[in-house]
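Peer 1: Structure provided below as structure tokens; questions to follow.
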Amino acid sequence: MSTQPTLAFIGAGNMARAIIGGLLSNGYPAANIWTTGTQLEKLADLKQQGMHTTTDNNAAVAAADIVILAVKPQILKTVAQSMAEAVQQHQPLIVSVAAGVLCNSLEQWLGGNIALVRCMPNTPSLVQKGACGLYANPQVSDTQRQQTEQVMQATGLALWVDNEPQLDAVTAVSGSGPAYYFLIMEAMVAAGEKLGLSHEIAQQLTIQTALGAAEMARQSDVEPAELRRRVCSPNGTTEQAIKTFIAQGLPEIIDNGMQACSNRAQAMAEELGK
Ligand SMILES: NC(=O)c1ccc[n+]([C@@H]2O[C@H](COP(=O)([O-])OP(=O)(O)OC[C@H]3O[C@@H](n4cnc5c(N)ncnc54)[C@H](OP(=O)(O)O)[C@@H]3O)[C@@H](O)[C@H]2O)c1
């Protein structure tokens, strides 16, 4: 018998499948995973891999130690309310990956007094290079924290924050962060083309440079600011580019964009909680 907790994914779309893919490649037993959806046919591939599949969310809740809520935020209220009785009866740990839905709302919809972890993952989870912020309410035990880490680390980095509002900052850094890098890549490719490269060459060089810079920063024991200084020889080419970016306010632009992102996350949480 496996000692791994039984997981129930409520909703088996992109994010659930990203987590499941990571878990299976880490050797997590498929028999310990339940997945639910609106149509069994859409879950056939998961069944074929040895998972339990059902359209009955309550049956999955009854079987699970950990229930991962992975439906779209807009339908979470209805889905959660329909599971409240089963959740109250079986008391699993609830892990929500839904963007912008507050613990308070979830607790209310699920009948109150539940152990609840809220996660803010990002799209690179789909390629197992995710970065995710986690917040646990006080009812979550140390063992449940470790179990949550095991699940969420299946798609990449997973770090705890101390309080729920910090998840809005996580949204601004990593949740929405991939799009910032895509924008920078887009601009670099366009500038490379303007300087005479073909689109394909500019794009390949840009992507590999992003990958290389991220990997160097990840492996290095010094801050990115120091890595940047080290590649700026006095009066060299890189220094000219960096001086221009700073003089034209790139750090302030990034600060403003991330502030706007965090403000929007707060406003969306209010809208989704209604
Ligand atoms: N994708 C990302 O990168 C990302 C990043 C951060 C956070 N998230 C969060 O992850 C959650 C899921 O997003 P997603 O991108 O994975 O969405 P998705 O691909 O649309 O998956 C949602 C799944 O929920 C299923 N579903 C709908 N109604 C259901 C019900 N009543 N019971 C059970 N399952 C039901 C849908 O099945 P049917 O197709 O049969 O309707 C669908 O497979 C969202 O809350 C989102 O905020 C996602």
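Peer 1: Please work out which residue is nearest to SER82 (Cα to Cα), limiting yourself to segment 1-33 and to residues that are within 11 Å of the ligand (Cβ to nearest atom) and in a strand (DSSP E or B).
Peer 2: Here the residue is ILE10.
Peer 1: Consider GLY100 against the criteria (1) modelled with pLDDT of 95 or more; (2) within 11 Å of the ligand (Cβ to nearest atom); (3) surrounded by 22 or more Cβ atoms within 10 Å (Cβ to Cβ); (4) not aliphatic (A, V, I, L, M): it satisfies all of them except one. Which criterion is unmet?
Peer 2: Of the numbered conditions (1) modelled with pLDDT of 95 or more; (2) within 11 Å of the ligand (Cβ to nearest atom); (3) surrounded by 22 or more Cβ atoms within 10 Å (Cβ to Cβ); (4) not aliphatic (A, V, I, L, M), the odd one out for GLY100 is (1).
Peer 1: Sort out which residues of segment 37-69 are closer than 21 Å to ILE114 by Cα and polar (S, T, N, Q), and write them in order of number.
Peer 2: Matches in segment 37-69: ASN57, ASN58.
Peer 1: So which of ALA131, ALA210, ALA158 is of a type outside the set (D, E, K, R), surrounded by 13 or more Cβ atoms within 10 Å (Cβ to Cβ) and in a helix (DSSP H, G or I)?
Peer 2: That would be ALA210, the only listed residue that is of a type outside the set (D, E, K, R), surrounded by 13 or more Cβ atoms within 10 Å (Cβ to Cβ) and in a helix (DSSP H, G or I).
Peer 1: Restricting attention to segment 47-56, which residues are at negative phi and part of a loop (DSSP other than H, G, I, E, B)?
Peer 2: Hits for segment 47-56 are GLN49, MET51, THR55, ASP56.
Peer 1: Right, something else. Residues to consider are ARG118, ARG145; find the one that is at negative phi, charged (D, E, K, R) and part of a strand (DSSP E or B).
Peer 2: Criteria check complete, one pass: ARG118.
Peer 1: OK, next. Kindly indicate which of ALA59, ALA44 is in a helix (DSSP H, G or I), modelled with pLDDT of 95 or more and closer than 27 Å to SER141 by Cα.
Peer 2: ALA59
Peer 1: Another question, if that's okay. Report yes if LYS77 is basic (Lys, Arg), more than 9 Å from the ligand (Cβ to nearest atom), closer than 27 Å to PRO138 by Cα and not in a loop (DSSP other than H, G, I, E, B), otherwise no.
Peer 2: yes
Peer 1: Out of (1) modelled with pLDDT under 95; (2) under 16 Å from ALA70 (Cα atoms); (3) of a type outside the set (Phe, Trp, Tyr), the odd one out for VAL127 is which?
Peer 2: So VAL127 meets the others, but not (2).
Peer 1: For segment 174-193, give me the residue count where each residue is crowded, with 17+ Cβ neighbours inside 10 Å, part of a helix (DSSP H, G or I) and within 13 Å of the chain's Cα centre (by Cα).
Peer 2: Matching residues across segment 174-193 total 3.
Peer 1: From the residues in segment 62-74 that are more than 9 Å from the ligand (Cβ to nearest atom) and part of a strand (DSSP E or B), which one is surrounded by the fewest Cβ atoms within 10 Å (Cβ to Cβ)?
Peer 2: For segment 62-74, the residue satisfying everything is ILE66.
Peer 1: Related question: List every residue pair whose Cβ atoms sit under 7 Å apart, with the two residues 6 or more apart in sequence or on different chains, where the first one lies in segment 36-59 and is touching a residue at least 24 places away in the same chain (Cβ under 8 Å) and within 9 Å of the ligand (Cβ to nearest atom) and the second, anywhere, is in a helix (DSSP H, G or I) and among the β-branched types (Val, Ile, Thr).
Peer 2: ASN57/VAL79
Peer 1: While we're looking at this one, here's another question. Being touching a residue at least 12 places away in the same chain (Cβ under 8 Å) and either of a type outside the set (S, T, N, Q) or not in a helix (DSSP H, G or I) (or both) is the filter here; which residues of segment 228-270 pass it?
Peer 2: Of everything in segment 228-270, those that are touching a residue at least 12 places away in the same chain (Cβ under 8 Å) and either of a type outside the set (S, T, N, Q) or not in a helix (DSSP H, G or I) (or both) turn out to be ARG228, ILE242, ILE254, GLY257, MET258, CYS261, ALA265, MET268, ALA269.
Peer 1: May I pose another question? Does THR36 satisfy the condition of being surrounded by 17 or more Cβ atoms within 10 Å (Cβ to Cβ), over 30 Å from CYS261 (Cα atoms) and at pLDDT 95 or above?
Peer 2: Yes: the conditions hold for THR36.
The values are calculated or read from the model by the stated rules, or taken from the named source; none is laboratory data. Just so it is clear, the structure is predicted and the values come from calculations on it, not from any experiment. Positions of Cβ are generated from backbone atoms using ideal geometry, with glycine treated the same way; all protein chains shown enter the neighbour counts.
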